[in-house]
Amino acid sequence: MTERSVAPRARTTSAVAQERLRVLLVEDDEGDAFLVRELLTEAEAPFDLAVATTLREAKTKMRGVQCILLDLGLPDAEGIDGLRKLLAVAGSAAVCVLTGRSDEHLGVAAVAEGAQDYLVKGQVDGVLLTRSLRYAVERKRADENAQRLREVELRQAESARLERGLLPQPLMSTEAVQVHTFYRSGRAMGLLGGDFFDVVQIGDDRLHVIVGDVCGHGVDEAALGVELRVAWRALVLAGVPEDQVLGSLEQVLMSERRAREVFATVASVVLDIPGNRATVRLAGHPPPVLLSGGRVQPVDARPGIVLGVRPKPAPPTELELAGDDWSLLMYTDGLIEGHTGVGAERLDVNGLCSLLDGPVARGVPLPALPAWLVGQAEQANGGPLADDVAMLLISRGGGR
């Protein structure tokens, strides 16, 4: 007697613990509809059952329904065609076919069309019906989650292809100098950040180079960085005078930015290849580092203010490049803002020069030098750098 009193309470507790589902039965036979209701009641299923006698009526009762039980012999929807019509409007609700037609081929066809299960009237009891409905709902949710995950993966792959396509290829033909590039976004799961760079050769004797950094780390900043890079390339190729290029670039920035407080820093170099000299312009950007004659030192360039704050031309600095063995390293501040492991001290420009002046750095091949520098900065930082990093290493001869 005790066992009999305990068992029903255990079943009730289990039923209460389960999610209560809303089920819509689309059935025109009152007797069959009554039988389904009795089977669910007998199994103490935590379901709220609604009934529609036609497909038209079912369409008006689908709000909030998790599962639909469909008879394949409705007055306004017959067989697989009726199932297709229901699936077209079922949304996230699972669909189970419940019919008196014990036709295995029809059941397979129903599942192939998108039904979660196929049940035959008279061959199911309350427990089996309850289990089938609940499993159908879980399968539908699993299918939707898998579909959403697939869509996310496709979007991520598409974004990655797009971002890779937006990274520039140096537009140059000269063999007198070599350019080695490095780019890494500080944005999680992103290939492109607000930093940008580009290289364009004009004629046989002039090489235009730029490295820039849009403040911020989001996709808006990444998009603005691409716009500025493309605008800079267009200005250079159009033959805009060198002293007007950054001013025109600032106009683009101010018209395209999402907020007035957005600004960008820029370092630009125009290299006179046969003259072995360069014109450097800085707009709030850290100076390039020159490797020449066995020495490493920052270029003593006149600083200008960032783009987007107060339009003012960045002052030019003329740089003589002695000899035929030198390198000019241009970079964004993400490289030098990492900590050095000593309190709040950061790598900064002097720390970067010290790295480049060390015996280990002198043995690193020039093409690998930018990536090596990032590795050293991360080692000193005790982990990955938080900001974007863009680098250009322009080298002539032995590069040192």
Share of accessible surface on carbon and sulfur in the chain, whole %, 1.4 Å probe and ligands ignored, is 52 percent
Over the chain, the sum of -39500 (n - 2.57) across DSSP H runs of at least four, divided by residue number and rounded to 500 deg cm²/dmol, gives at 222 nm -12500 deg cm²/dmol
Phi-derived 3J(HN,Hα) across the range 111-126 with the Karplus relation (6.51, -1.76, 1.60, θ = phi - 60°), rounded Hz, x for Gly and Pro, is 5, 5, 6, x, 5, 7, 7, 9, 10, 10, 4, x, 10, 10, 10, x
Volume per residue (Å³) of the convex hull spanned by the alpha carbons of the range 236-302 is 114 Å³
Sorted largest first, the C-alpha extents of the range 281-400 along its principal axes in whole angstrom are 40, 38, 21
At 20 °C in a medium of viscosity 1.002 mPa s, the chain has a Stokes-Einstein diffusion coefficient, with Rh taken as the Kirkwood radius over alpha carbon pairs, in µm² per second, of 81 µm²/s
Square roots of five times the C-alpha gyration tensor eigenvalues of the range 46-89, ordered largest first and given in whole Å, equal 18, 10, 10
The relative contact order of the chain, taking Cα pairs under 8 Å that sit 6 or more residues apart, comes to a percentage of 12 percent
Under 5 Å from the placed amide H of D388, counting only residues 5+ away or on other chains, we find G186
Under the Karplus relation with 6.51, -1.76 and 1.60 and θ = phi - 60°, whole-Hz ³J(HN,Hα) for the range 196-213, x at Gly and Pro, equal 8, 8, 6, 9, 9, 9, 10, x, 9, 10, 10, 10, 9, 9, 9, 9, x, 8
The rounded separation in angstrom of the Cα centers of the range 281-312 and the range 23-74 is 74 Å
Non-local residues with an amide H under 5 Å from the amide H of D198, with H modelled 1.01 Å from N and Pro and chain starts lacking one, are I210
Along principal axes, largest first, the alpha-carbon spread of the range 35-163 in whole Å comes out as 59, 32, 30
Cross-link reach from K85 to lysines, straight Cα distance under 26 Å and at least 8 residues apart if same chain, gives K59, K61, K121, K140
For K312, counting only aspartates and glutamates whose alpha-carbon sits under 13 Å away and dropping same-chain residues fewer than eight positions off, the answer is D243, E250
Percent relative contact order for the range 170-231, counting Cα pairs under 8 Å at least six residues apart, stands at 31 percent
Note on the range 341-400: alpha-carbon gyration tensor, axes a ≥ b ≥ c; rule is a/c under 1.5 for rounded, else prolate if a/b larger than b/c, else oblate; result prolate
Computed curve, the range 171-316, Cα-only Debye sum without solvent term, log₁₀ I(q)/I(0) at 0.14, 0.15, 0.18, 0.19 Å⁻¹, is -0.68, -0.78, -1.10, -1.21
Percent of all Cα-Cα pairs per 5 Å bin for the range 266-330, counting from 0 up to the last occupied bin, reads 4, 18, 28, 23, 14, 8, 4, 1
Dividing the mean separation of Cα pairs under 8 Å (6+ apart) by the residue count of the range 238-330 yields a relative contact order in percent of 31 percent
Counting only protein heavy atoms and rolling a 1.4 Å probe, one gets per residue an accessible area for the range 302-375 in Å² of 50 Å²
If amide H atoms are modeled at 1.01 Å from N in the peptide plane, then the residues at a separation of 5 or more from L74, or on another chain, having amide H under 5 Å from its own are G79
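The values are calculated or read from the model by the stated rules, or taken from the named source; none is laboratory data. Source: prediction; values computed, not measured. Ligands, DNA and RNA are stripped out before the accessible areas are found, and what is left, the full protein with its side chains, is counted by its heavy atoms. Shrake-Rupley method; radii C 1.70, N 1.55, O 1.52, S 1.80 Å.
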